[in-house]
1. Identify, from the list V180, V143, V165, V150, the residue that is closer than 21 Å to F107 by Cβ and in contact with a Lys or Arg (Cβ under 6 Å, 6 or more places away or on another chain).
2. Any chance region 142-163 includes a residue that's touching an Asp or Glu at 6+ places or on another chain (Cβ under 9 Å), part of a helix (DSSP H, G or I) and either modelled with pLDDT of 90 or more or surrounded by 15 or more Cβ atoms within 10 Å (Cβ to Cβ) (or both)?
3. Kindly indicate whether G42 is surrounded by 15 or more Cβ atoms within 10 Å (Cβ to Cβ), over 20 Å from E108 (Cα atoms) and modelled with pLDDT under 85.
4. Among residues belonging to region 129-141 that are over 14 Å from the mean Cα position of the chain (by Cα) and either farther than 18 Å from L163 by Cβ or surrounded by fewer than 16 Cβ atoms within 10 Å (Cβ to Cβ) (or both), point out the one that is modelled with the lowest pLDDT.
5. Hey, can you tell me all the residues within region 19-39 that are small (G, A, S) and surrounded by 13 or more Cβ atoms within 10 Å (Cβ to Cβ)?
6. Only one residue in K155, K161 is in contact (Cβ under 8 Å) with a residue 40 or more places away in the chain, within 15 Å of A22 (Cα to Cα) and either acidic (D, E) or not assigned by TED's automatic domain parsing to the domain that holds A18 (or both), so which one is that?
7. Quick one: how many residues across region 3-44 are of a type outside the set (D, E) and under 20 Å from Q179 (Cα atoms)?
8. Give region 181-201 a look and list any residue that's modelled with pLDDT of 85 or more and surrounded by 17 or more Cβ atoms within 10 Å (Cβ to Cβ), or say none.
Amino acid sequence: MSRILIAGAEHDLRERLASDLAVSGHWTASMTGEDLLASENGALTNYDLVLLEIGAEDVGLVRSKLKQASEGRRKPPLLLVGTEKQMRASEDQADADDFVIVPVSAFELHLRVKTTLSRAGRFDPTDTIRRGDLRIHPHTYEVFMNGERVDLTLKEYELLKFLAVHAGRVFTRDVLLEQVWGYDYYGGMRTVDVHVRRLRAKLEREGRTFIETIRGIGYRFVVQA
């Protein structure tokens, strides 16, 4: 599990980025640029990656702080986050390992983070989500049941992973549509039901139940013993 710091972003964006990264199996922490500047240098090097909002207040000071904290230690790669307009107007990209243009889908964010971590040598191929006999490998997009590979479409995989990461929690169809398909998706609630039905057909055998229907609300991933 990679440790990712989200710095300087406004609250709503920070929450969305943290939620999307959690689906990919990452641990996240967030703080404002002011809090980051006040933190101890040693604490900043405990992260595998730093996401920094390019339009945040005191971005220059934040970048200097990260460089200072990394002296004599392994420097975490830096991923800049901002709108397309901000990226075009900024000269900070030269010092960053990569950048993310918002709004961004959970899938694209996952790929950007994965690529940056891999280049920096912080990719952990053993990072696996384990739920009973089910194994989900976030970095290869593979799912195994009892050691046998299960063929899933991309959205089936993303829906399964989101529910498995948040095992035991109940999610409405609205939330699942937003988290898996994106806030700009205009398909109906039936989309979620169809994908859940397909996942059940591929995973739930011999009386096993992985995805439970909560009548009148939505779905949850059943915590496996």
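1. Details: V180 fails: in contact with a Lys or Arg (Cβ under 6 Å, 6 or more places away or on another chain); V143 fails: in contact with a Lys or Arg (Cβ under 6 Å, 6 or more places away or on another chain); V165 fails: in contact with a Lys or Arg (Cβ under 6 Å, 6 or more places away or on another chain).
The unique qualifying residue is V150.
2. Yes.
3. When the stated conditions are applied, G42 does not pass them.
4. Our first condition is that a residue be over 14 Å from the mean Cα position of the chain (by Cα); within region 129-141, this holds for 130-136, 140.
With either farther than 18 Å from L163 by Cβ or surrounded by fewer than 16 Cβ atoms within 10 Å (Cβ to Cβ) (or both) added as a condition, the list becomes 130, 132-133, 140.
Numbers: R130: 85, G132: 86, D133: 87, T140: 76.
If we take residues in region 129-141 being over 14 Å from the mean Cα position of the chain (by Cα) and either farther than 18 Å from L163 by Cβ or surrounded by fewer than 16 Cβ atoms within 10 Å (Cβ to Cβ) (or both), then T140 is modelled with the lowest pLDDT.
5. Filtering region 19-39 for residues small (G, A, S) gives 19, 22, 24-25, 29-30, 33, 38-39.
Answer for region 19-39, where residues must be small (G, A, S) and surrounded by 13 or more Cβ atoms within 10 Å (Cβ to Cβ): S19, A22, S24, G25, A29, S30, G33, S39.
6. Values: K155 fails: within 15 Å of A22 (Cα to Cα).
None of the other options fit; the residue is K161.
7. From region 3-44, those of a type outside the set (D, E) are 3-9, 11, 13-14, 16-19, 21-33, 36-39, 41-44; that's our starting set.
The next check asks that each one be under 20 Å from Q179 (Cα atoms); those that pass are 4, 6, 9, 11, 13-14, 16-19, 21-30.
Residues flagged as of a type outside the set (D, E) and under 20 Å from Q179 (Cα atoms) within region 3-44 amount to 20.
8. Of everything in region 181-201, those that are modelled with pLDDT of 85 or more and surrounded by 17 or more Cβ atoms within 10 Å (Cβ to Cβ) turn out to be T191, V192, H195, V196, L199.
The values are calculated or read from the model by the stated rules, or taken from the named source; none is laboratory data. Since we're looking at a predicted model, the values are computed, not measured. As a convention, Cβ positions derive from the backbone with ideal geometry for all residues, glycine included, and neighbour counts pool all protein chains shown.
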